[in-house]
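A.B. asks: Pasting a structure below so you can have a look.
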Ligand SMILES: [Zn+2]
């Protein structure tokens, strides 16, 4: 069937009307409908030219296109089905419900699968058990429900699917949801972003990997508005959210490498060749997809250097993969590739030794020496301990300790042997690491010369660059960068609080700049029992692409604390890193990167300096539309020039192509709520530092109101007047609850109880976590374990099957139940007070609820299936996401310690807590705001 | 030439100096936008001039007060207070880590100061000539 929809001008959609056996054409911007094909009809269409018989249908379609909130509440499931138009063009679509929640259909790992999906495969979002949340109605019922609203004669559903069935259809269908009648469904968060519907022939490769996976790079809008005024109408912020150095989990494909150093780049805009260029002139030249420049194809482009024979250019990785790595020739080096360098600064003051931090840290380094990346045998390591003096270690056959007490003007006591080759000095290093804790066991010195230690470490490595790993248990008190205890409970929760989140001493900014220049990246591991000024200290990682890790009140006597730190620290040490990296994002003409969020130093208008890039760090970049875009699609290309930790200069290129649109409804229908929430988290934290915490919250709230107002006034029939509903497009329906979660996150929450260190750490997380970790961090996951479906916790064909996630409301808690709440950083096992002894026995190996104690716990694995299933769920929770985090497990008793209980319950963000509104109250206030503007 | 004449001659010269200082700032900011200079060097360079500029302006204002030129003093007072407030908040120096985010604000401020010094320049010039004429009569 040659469908007329394929030749539609932009802004038009076609719907198959089965009753009349012909297409109905809809101008999506105005809602105008007609039977004539818009191209065939030259003069401006008038409704009166339509056959009178269509008036009923017309008005109906108008509603379908716009508001009709009441029916749309149920569309969630139908939308989630793989779009039949793309699965198999021309085939009859399958009923949606059947594919969505099929038990056992889940892929290797539900969380990854959404990211590793090749287009055209069904999406196993979440292993759906037998029990479904009641508001997810079975398919048949939906249809029934719907037909109540649908006027006879016009089968909207059939029309909709008929349209979807046509291959090449580019239009997005916009579904409106009334937020007031459709409660948030946690399953929605596991869905992939709205599909990227590129025009045909945009891509020269048939490869399913030709466009970037969302886990590498995603955009807040998957159909870019052609003008900034259109973007302003939608009020949706335009930004990229990217994790160019994403880790590879089992089942992920490795990034293909182009080894022949033939790198084709545009002469004008320096874009790397990618699947979206066009070959012209018989394949001798290529046209740049960003600036339209015609470039010569390099001579060796079609030459296979491995076999020394003519090769097939269509096999080249850079033409088939959106994510590739080029091995860089010498032009891309300012110096020969540096070796990886790890300098450890270990706090050995009294509190550090007493908490067991020194023992755990040295043992972890010792155990992980073999995991530190050192494929080329060039990796160098140094150790410096510090309290109020510095202790250097000359590492050789007879290691010795050199004490430097002059911390005002730091010098290196010895020119050699302080920074040693890991492979060559493995044995002396191991013996030294085994002895450090004993050396300082009786240390009674209190105080920390962290600043001078940093300067010493910097001196040691500044010629090479690398990683400076700081382990500190106390507030820096002497020398450069000394800080004062500025924690003041009186100003918590007031306007002055944001001052506590800024750097107290300029040292932490100037030193960060020095580090960035010398290619030194700082990682902070912080352990203090008392105030440590995480806010100031986290500035160093922030500007040097490092990461802050915080273990409040660390005590290695608790095996859980020691295990968590050792695991995370070990993984950080073993992590492959990118050294001496610079990142630049290029985009098609008319688009400009306007502001940057994340851990790096902005070295020029669009160049981000990152001395050592860890895996799974996320960045957000806002985009401005500077001039009208005339192309049917645009391309964003991120290039990270870096040195691998085994001494090879490489360029990692991530290419994302997105269609453009002139149509406001497409902008809404293609918005990606996960990316928007990630961007808002970054912007809110930035605002809380430059303004006040309250301003940051207001800003996020106002952004959401703006989007809702824009949607109401342009996409619903309600227009500017008051409306009984709160409408938003279906793909954005989780945005309000994500914003609420963000407003209730420890990093931003309105409260006078949050210690500044905890707050500062949460803010560091909000600005560096990739979406996969950030979303649970602001919208936790909640399972009911006591009545989980029989297959949950068992190993399915795709790993451990998880129970269905529940909405985050304490209404779901039951007095006799066992529940799990987790945000990726902490896991709570909530035990109801009437839990039957058998349950306690099966899970905790204890006779009854009364003897169960709340707090951190290592759950025993017992000889009964339920215990094993619960353990499997917890295990999976700890492993299913990217990143090094190993969440603590807390047992929370319903009538247990109030602080712990409140902490766990604060994760249930649909509830009301103190001054913070419940989800219903939040929606009501949103509705009032929206109606009053 | 009487004291008022000399004072305003001095004012004219100072305003011209401050004017050039602002022009230099603006040139440096546009260099930064064109990537001719990196933010670290830019901030190191500009920060050398921030305090001298503030001090020069404040001392000129003080001179007006000492010599009883209250109109000129009151004209300059808001800017002195503004600068003093920035120094008190320790936000007077340019921060290389934030410079790109705050660049638009810096540019706006520098342009406003430029305009202010330009107006002051002509005002002092006028007052100087007026003082000279008054003297010769
Ligand atoms: Zn180009």
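Throughout, read-outs are computed from the coordinates displayed, never taken from laboratory work. Predicted model, so just to flag it, every value in this text is computed and none were measured. Positions of Cβ are backbone-derived with ideal geometry, glycine not excepted, and every protein chain shown enters the neighbour counts.
A.B. asks: Between residue A:207 and residue A:287, how many nm apart are label points set 7 Å from Cα along the C-beta direction?
C.D. replies: 2.3
A.B. asks: When B:98, B:33 are ordered from fewest to most other Cβ atoms inside 10 Å of their Cβ, what list results?
C.D. replies: With the fewest neighbours first, B:98, B:33 line up as B:33, B:98.
A.B. asks: Another question, if that's okay. In 10 Å bins starting at zero, report the fraction of Cα pairs in region A:230-338 per bin as a rounded %.
C.D. replies: Each 10 Å bin holds this share of Cα pairs: 12, 34, 33, 17, 4, 1.
A.B. asks: Simple spin-label model, 7 Å along Cα-to-Cβ: residue A:435 to residue A:401 in nm?
C.D. replies: Label at residue A:435, label at residue A:401, 0.9 nm between them.
A.B. asks: Among A:172, B:73, B:111, which comes first, second and so on when ranked by fewest other beta-carbon atoms within 10 Å?
C.D. replies: B:111, B:73, A:172
A.B. asks: What is the Cα centroid distance between region A:438-494 and region A:769-843, reported in whole angstrom?
C.D. replies: So the two Cα centres are separated by 39 Å.
A.B. asks: Round to the nearest 0.05 the FRET efficiency obtained for residue A:314 and residue A:592 when R0 = 25 Å and r is the Cβ-Cβ distance.
C.D. replies: Efficiency, from the Cβ-Cβ distance: 0.15.
A.B. asks: I would also like to ask the following. Which value in nm describes the separation of the simple spin-label points at residue B:62 and residue B:91, placed 7 Å from the Cα toward the beta carbon?
C.D. replies: Using points 7 Å along Cα→Cβ, the separation is 2.6 nm.
A.B. asks: Turning to a different aspect of this structure: Residue by residue through B:92-103, how many Cβ atoms from other chains fall within 10 Å of the Cβ on average?
C.D. replies: 4
A.B. asks: Using a Förster distance of 35 Å, how high is the FRET efficiency between residue A:333 and residue A:558, based on the Cβ-Cβ distance and rounded to 0.05?
C.D. replies: For residue A:333 and residue A:558, the calculated efficiency is 0.15.
A.B. asks: While we're on this one: Run the numbers on chain B and let me know its relative contact order in percent, using alpha-carbon pairs under 8 Å that are six or more apart.
C.D. replies: This gives 52 percent for chain B.
A.B. asks: Can you sort A:921, A:802 by how many other beta carbons sit within 10 Å, fewest first?
C.D. replies: A:921, A:802
A.B. asks: Give the calculated FRET efficiency between residue A:371 and residue B:55 to the nearest 0.05, with a Förster radius of 41 Å applied to their Cβ-Cβ distance.
C.D. replies: Efficiency, from the Cβ-Cβ distance: 0.15.
A.B. asks: For chain B, what does -39500 (n - 2.57) per DSSP helix run (n ≥ 4), summed and divided by total residues, give at 222 nm, in deg cm²/dmol to the nearest 500?
C.D. replies: Taking each H run of at least 4 residues, the total per residue is -30500 deg cm²/dmol.
A.B. asks: Moving on. Among DSSP bridges having both ends in region A:341-576, what percentage is antiparallel? Round to the nearest 5.
C.D. replies: 30
A.B. asks: Now a separate question. For region A:341-576, report the convex hull volume of the alpha-carbon atoms normalised per residue, in Å³, without decimals.
C.D. replies: 119
A.B. asks: If you don't mind, there's one more thing I want to ask. Where does region B:3-136 land on the Kirkwood hydrodynamic radius, alpha-carbon pairs, in angstrom?
C.D. replies: Taking the inverse mean of 1/r over all distinct Cα pairs, region B:3-136 comes out at 15.8 Å.
A.B. asks: When the gyration tensor of region A:656-756 is built from Cα positions, what are the square roots of 5 times its three eigenvalues, in whole Å, from largest to smallest?
C.D. replies: So the equivalent ellipsoid measures 28, 17, 11 Å along its semi-axes.
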